Structures are given as structure tokens and as C-alpha cells.
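A.B. asks: Let me give you the structure first, and then I'll get to my questions.
The values are calculated or read from the model by the stated rules, or taken from the named source; none is laboratory data. Just so it is clear, the model here is predicted, and its values are computed rather than measured. Here the Cβ is made from the backbone with ideal geometry for all residues, glycine too, and neighbour counts use every protein chain on show.
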Amino acid sequence: MCHRNAPLTPTGRLRLAWCVVENGWPLRRAAERFQVSHTTAKRWADRYRLMGWAGMYDRSSRPHHSPRETAASVEEQVVRLRQEHRIGPARLAARTGVAASTAHRILRDHHLPPLATLDRATGRPVRRYERARPGELVHIDVKKLGRIPDGGGHKVLGRAAGRANRKRSTTGYAYLHTALDDHSRLAYTEDLPDETAATCAAFLLRATAWFVRHGIVIERVLTDNAWAYTKNTWRDTCQRLGIRPSWTRPWRPQTNGKVERFHRTLLEEWAYQQPYTSDAERKAAFPDWLDWYNYHRPHTGISGQTPASRVTNVSKQHT
């Protein structure tokens, strides 16, 4: 393949060489005619004499000899360690004595995918899926988060003073219940006092109404096998709403990975994004963050779109 700025294609090179070799044109005349340098005209004419039409294509820039090339045995060791222990370039470099960049290059040359795309338990590529329309599947999960005592925790006061302040206060935990649409990644979250069956069922009622206001009718919900989601309270609520409940396989949180990843984003960009002096201050910041996530934040899992942009007119783009 020619360089994008090459003045001659293989056909143009052949024409230039033909004029010089077959028709006897002087090199300078051919160079002026095809708008190239004298040395370029000589190069293609010489290659035509030696190789004919085949010489008109670009050659590989790979050197003929690579005395410092990584030994095949080292490459085999890197590949074997990656397959056996599923470790990254930095740890492979420490075990094999090569640079981390060299280990990365070996993995790339052997077409070994990044660890982030593999299931850590089996080493197999993670099967990724996405439902075809909003509401076809909604992921539901609960994230347990320690509440902040008044005056701040260790991030504000330091570890010793923060621990003492926590002991003086009865803070407990926040239970962040989230419903996340599989197709659009649109999310609805509430801070609730527990994760009992009644609380989870009531959350599902409010989440369903919220999604309906956004033009999404929930058809199926996916949860883990937590106690609250296996009780009749949950099943009866799903039946009343016309929703089909389903559950992940035991010990397989990856199945509900989209809402798990949302909770990680929530912690990084809201809960731990800055030091808060009280739980009320952190809670007050949450609605703005969730609005940012749903309507303004580019989501890498959906090609940089925002969740709201994947729901018909939810962002009022077409009114």
C-alpha cells in the first residue's frame, strides 16, 4: 500500500519506468514529466530493470537483520506466563527480564487480548451483549456505602480523628438501589435505609414509574440471588407490573456487570470524588451527578453517546 503522500502509484511508477527503460527517455525528462526528483525516477527505472512490474510496489521497512531481536524462547515464556497466570506486561517483565514495553509488544504480536476483556476465572474472552431496545432488560443491584459522620470522616479529618468521630456518631450504611437500562445505560438510583424484600419491591415500583415517564416500559429485570430478590414479595411485585424477573448464576457477578460498573463509576465520580463534611452534603450532590451521568456524560460503553440520547426523545431533542 502506497504512502498517502506518495506522488506516484504503482501504475504511475510503471509508466515512468517504461518511458526510461523501453522508450529511452533521459532520467531528467522523465522526472520533469512525472513531477518527481531525478533520484526517484532512477530508483523506479532500476527496479523495473531488475524486477519488472513486481518492483513497482513498496517494500517492507522491516530490517533484513535484527541482532537485538527478542529471542523466541523469551517470547514463548512471556506467552506461557500470560496464559497460565493471566498477568499484565509489568509483572511479565519482572519475571522474564524484558522491558514492560517489550512484553506488551509480544502480547500484541501473538494476538493476546487485554486482561480487561477476559474473564479472570476462566481466561476466556467475556461475551458482551446489548439488548436491542430500551426496557427489554433492566439490571438492578444494591451498593452498600458507609455514611459520613457530621464533621467529616478520615478524608477530611485524617485517619485517627476520623475514626474517633465515627465512633462518636451512629452513622450506619446507605443502601444505594439502582435500576439501569441495558440498552441505553439510563440509570435510576435511590438512597434507602436497608435492602429488605419490602424495600426492594417498593423501589421497583418507583423505578418502573420513573422509566415510564422517560418513555421506557420495563419488560424484564435481572438481579443477583440476594435474599430480598428470591422472596414472594419481589416475585409478586414483578407479576403485578407485568415484568419478568430473572437472576444471575450464583457467584457470577459479571452477568450483572453493567450495573456493577455503574456503581464503580458512581463511587469514583461522586461518592469519593471529593471530601465531604457530612452525609447530607454528599447526598445533596448526588442529583446533579446523576443528571450529568444520564444527560451529559459521554459513555464509552455506547460509543461516547449519552444514555439519554439512546432513548426516544427523552432529552427533548425532537420537540
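A.B. asks: Any chance segment 238-253 includes a residue that's assigned by TED's automatic domain parsing to the domain that holds residue 143, of a type in the set (Lys, Arg) and touching a residue at least 60 places away in the same chain (Cβ under 8 Å)?
C.D. replies: For segment 238-253, residues assigned by TED's automatic domain parsing to the domain that holds residue 143, of a type in the set (Lys, Arg) and touching a residue at least 60 places away in the same chain (Cβ under 8 Å): absent.
A.B. asks: Somewhere in segment 131-149, is a residue surrounded by fewer than 14 Cβ atoms within 10 Å (Cβ to Cβ), at pLDDT below 95, outside the structural domain of residue 223 (by TED's automatic domain parsing) and more than 22 Å from residue 287 (Cβ to Cβ)?
C.D. replies: Yes, segment 131-149 contains at least one residue that is surrounded by fewer than 14 Cβ atoms within 10 Å (Cβ to Cβ), at pLDDT below 95, outside the structural domain of residue 223 (by TED's automatic domain parsing) and more than 22 Å from residue 287 (Cβ to Cβ).
A.B. asks: Got a number for residues in segment 169-206 being out of contact with any His (no Cβ under 7 Å at 6 or more places or on another chain), of a type in the set (D, E, K, R) and farther than 19 Å from residue 134 by Cβ?
C.D. replies: 3
A.B. asks: Among 240, 206, 282, which is more than 17 Å from residue 141 (Cβ to Cβ), at pLDDT 95 or above and part of a helix (DSSP H, G or I)?
C.D. replies: On the way: 206 fails: more than 17 Å from residue 141 (Cβ to Cβ); 282 fails: at pLDDT 95 or above.
None of the others qualify; the one that does is 240.
A.B. asks: Among the residues of segment 269-276, is there at least one that is assigned to a loop (DSSP other than H, G, I, E, B), touching a helix residue (DSSP H, G or I) at 6+ places or on another chain (Cβ under 7 Å) and closer than 28 Å to residue 172 by Cβ? If you could, list the steps in order and put the result at the bottom.
C.D. replies: So in segment 269-276, the residues assigned to a loop (DSSP other than H, G, I, E, B) come out as 272-276.
Going one step further and asking which of them are touching a helix residue (DSSP H, G or I) at 6+ places or on another chain (Cβ under 7 Å), we end up with 275-276.
Imposing the further condition that a residue be closer than 28 Å to residue 172 by Cβ reduces the set to 275-276.
Yes, segment 269-276 contains a residue that is assigned to a loop (DSSP other than H, G, I, E, B), touching a helix residue (DSSP H, G or I) at 6+ places or on another chain (Cβ under 7 Å) and closer than 28 Å to residue 172 by Cβ.
A.B. asks: Sticking with this structure for a sec: I'd like to know if segment 10-28 contains one or more residues that are surrounded by 10 or more Cβ atoms within 10 Å (Cβ to Cβ), touching a Gly at 6+ places or on another chain (Cβ under 9 Å) and outside any helix (DSSP H, G or I).
C.D. replies: no
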